[in-house]
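The values are calculated or read from the model by the stated rules, or taken from the named source; none is laboratory data. The structure displayed is predicted, hence computed values, not measured ones. Neighbour counts are summed over all protein chains in view; Cβ atoms, including those assigned to glycine, are modelled from backbone coordinates with ideal geometry.
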Amino acid sequence: MAQIKADEITQLIRQQIENYETKVAVDEVGTVVTLGDGIARVYGLDKVMAGELLSFPHQVAGIAMNLPAYDASRIHHARISAADVHAVTVSLLALSRAERRRIGVLHPGRVDVIGGGSLVLDRIMQRFGFTEVLVSEHDILDGIAWALAADRPG
């Protein structure tokens, strides 16, 4: 069994402290009220419309696919395995903010929240036994619009 050296731990803690930035940007924080059938009902998100689909996997998918930059056409309809989501989550949580900022596929505004979003996705997939996630660049309203258009005659 490998021995953990105090010097290594000290060095890692120092690096984390050096890379720590006190600026925190929180858009909104909600409370999960119910969770079931792959759907979470959240209370307290004032900027979100009722029934709006919130998604996490876009940039997680880009990282899992090793894309050099965000490419919606390659990410849309990609299937990312639970194992890949978990691997990306573990990796993101181990990176410093500066290291996350260098990930080409990651939007600069997501640097501070991608680890948490990835962790939420990972835990939801584990909890419900999902083996993969299907990534969509469109929200539920796009799907409803396409369904209504398909039903129109002519």
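Assorted remarks:
- Consider region 129-150 and keep the residues that are at pLDDT 80 or above and not in a loop (DSSP other than H, G, I, E, B). The one that is nearest to ALA78 (Cα to Cα) is LEU134.
- For region 123-138, a residue qualifies if it is in contact with a strand residue (DSSP E or B) (Cβ under 8 Å, 6 or more places away or on another chain) and of a type outside the set (Val, Ile, Thr), and the qualifying residues are MET125, ARG127, GLU132, LEU134.
- Of all residues in region 75-86, those being assigned to a helix (DSSP H, G or I) and either surrounded by 14 or more Cβ atoms within 10 Å (Cβ to Cβ) or on the phi > 0 side of the Ramachandran plot (or both) number 5.
- Among residues of region 81-101 that are farther than 17 Å from ASN66 by Cβ, those with a beta-carbon under 7 Å from a residue that is of a type in the set (Gly, Ala, Ser) and not in a loop (DSSP other than H, G, I, E, B) at least six positions away or on a different chain give the pairs LEU93/GLY115.
- Contact map, region 57-68: residues that are more than 15 Å from ARG100 (Cα to Cα) paired with residues that are outside any loop (DSSP other than H, G, I, E, B) and charged (D, E, K, R), Cβ distance under 8 Å, separation 6+ or inter-chain. Pairs shown: MET65/ARG74.
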